Amino acid sequence: SQGGEFASVAFRTARSSGILDDEQTKYLLTCVSLTMALTPALEDVGAQMATKLQLKEDQAVADLEPKGVVIESIAVSNEEQGSFEDQDEEEESFEDEKPAE
């Protein structure tokens, strides 16, 4: 609202200085007034849109979760067979053993 008040003063000053004519001043003041009146409503619309977008994003993430379960079960299966670290240690132990000469 402070911007609208400033615009009103600036436009009236411009009109009195001869920079703007009466029609231009009325047009600009109408634009400023409409903007000031519509801002709260547009803020509400924006908040509602943000909420809907967040819900869609949350749903998209939820749709991906079953895939995570499959990946987790593969990881569990690998752990049952022995971790990669265990396999690396076994390979190193074979490398350390040298044939007797």
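Points worth noting:
- Extending 7 Å from the Cα toward the beta-carbon at both Glu23 and Gln59 defines two label points whose distance is 5.1 nm.
- Global form of the range 10-54, assessed from the alpha-carbon gyration tensor, a/c cut-off 1.5: prolate
- Cβ-based net charge around Asp21, under 14 Å, with every Lys or Arg adding one and every Asp or Glu removing one: +1
Every number in this text was worked out from the coordinates using simple rules, so none of it is lab data. Being a predicted model, the structure only gives us computed values, none of them experimental. All Cβ positions, even for glycine, are placed from backbone atoms using ideal geometry, and neighbour counts span all protein chains on display.
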